[in-house]
Amino acid sequence: MSESPVASREAALRIALAARALNGLDVRALVGALIEKLDAPLTESKLGKLTVEDLRVILAGDFADQGCHVGVEGEALKEAVRLLWGQGVENNDFPAVDRYNDGEMPGSIRVAFAANRGENLDGHFGSCDRFLVYQVSQQEIRLIDIRSTAEADAAEDKNASRSALIGDCQIVYVQSIGGPAAAKVVRAGVHPVKKPEGGQSREVLVELQGRLSSPPPWLAQIMGVPSASLARFEEELESEES
């Protein structure tokens, strides 16, 4: 399989949503089946030419000549094809992305969330549909990107590819993550934070935001500033010297 079987984030997003419409079909399996039909890389143009019958044949595999739908209803096939075409993708429980240019939020950090629905922390690192990416400063929170995991899941090393997908972030919040996956995340320069109960991502970020002015040691290291305790110690020294 090609190292980059999906040509763009848009194509990856369409495939991830189509897989969900197909009774939660494994994204990697769908990518592989689509490549057999369309060849790599998978592009928006190629996906836009698929028909419902094409998708039925792809899913049925060796049983296609028997009219098999492999447990997928006709309406689900139609919905999946519409998503592969790009229809309704922008309204498919994806929050609006805020405008952001590098350097606009001095002193900010970048934070990813493992997500499946809306603007929530509701995903496991190795199986979430996408990562929500936020830029966070003491004054502001912006959702700057939504990254589908479809292309990463088509790679030979899924966890390494998922780690690379958020490699520009300093922190990733997840409901759970395995040890080997966590090691790859850390190797990518990202600090994983487990929050098993999940929740709304912005509520989690407001809590994080409140700690930016006086960060604990782990957060201070990420930000490249003294920790709260060290900062107080330095202030005391400066006061004594003056």
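The values are calculated or read from the model by the stated rules, or taken from the named source; none is laboratory data. Please read all numbers here as calculations on a predicted model, not as lab measurements. Here the Cβ is made from the backbone with ideal geometry for all residues, glycine too, and neighbour counts use every protein chain on show.
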Notebook entry, point to check: Is it true that S148 is in contact with a Leu (Cβ under 8 Å, 6 or more places away or on another chain), buried (at least 21 other Cβ atoms within 10 Å of the Cβ) and not hydrophobic (A, V, I, L, M, F, W, C)?
Noted result: yes
Notebook entry, point to check: Exactly one of (1) closer than 14 Å to S127 by Cβ; (2) crowded, with 21+ Cβ neighbours inside 10 Å is unmet by S201. Its number?
Noted result: (1)
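Examine the range 197-211 for a residue that is of a type in the set (S, T, Y), under 24 Å from R99 (Cα atoms) and in a helix (DSSP H, G or I), and state whether such a residue exists. Full working, then the answer.
Here is the first cut: in the range 197-211, the residues of a type in the set (S, T, Y) are 201.
Filter again for under 24 Å from R99 (Cα atoms), leaving 201.
Of the ones still in play, those that are also in a helix (DSSP H, G or I) are 201.
Scanning the range 197-211 turns up at least one residue that is of a type in the set (S, T, Y), under 24 Å from R99 (Cα atoms) and in a helix (DSSP H, G or I).
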Check: Just one of D145, D157 is among the acidic types (D, E) and in contact (Cβ under 8 Å) with a residue 40 or more places away in the chain; which is it?
Finding: D145
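Please note which strands (runs of 3 or more DSSP E) are completely contained in the range 121-174 and include at least 3 residues that are farther than 16 Å from I222 by Cβ. Reasoning before the result, please.
Details: elements: 130-136, 141-148, 171-174.
Fully inside the range 121-174 and qualifying: 130-136, 141-148.
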Margin query: Within the range 1-49, considering only helices (runs of 4 or more DSSP H) that don't extend past its boundaries, which have at least 2 residues that are outside the structural domain of D129 (by TED's automatic domain parsing), among the β-branched types (V, I, T) and modelled with pLDDT of 80 or more?
Written below: 27-38
Note to self: If the requirement is being in contact with a Gly (Cβ under 7 Å, 6 or more places away or on another chain), surrounded by 17 or more Cβ atoms within 10 Å (Cβ to Cβ) and more than 21 Å from T43 (Cβ to Cβ), which of these qualifies: L121, L132?
What the structure shows: L121
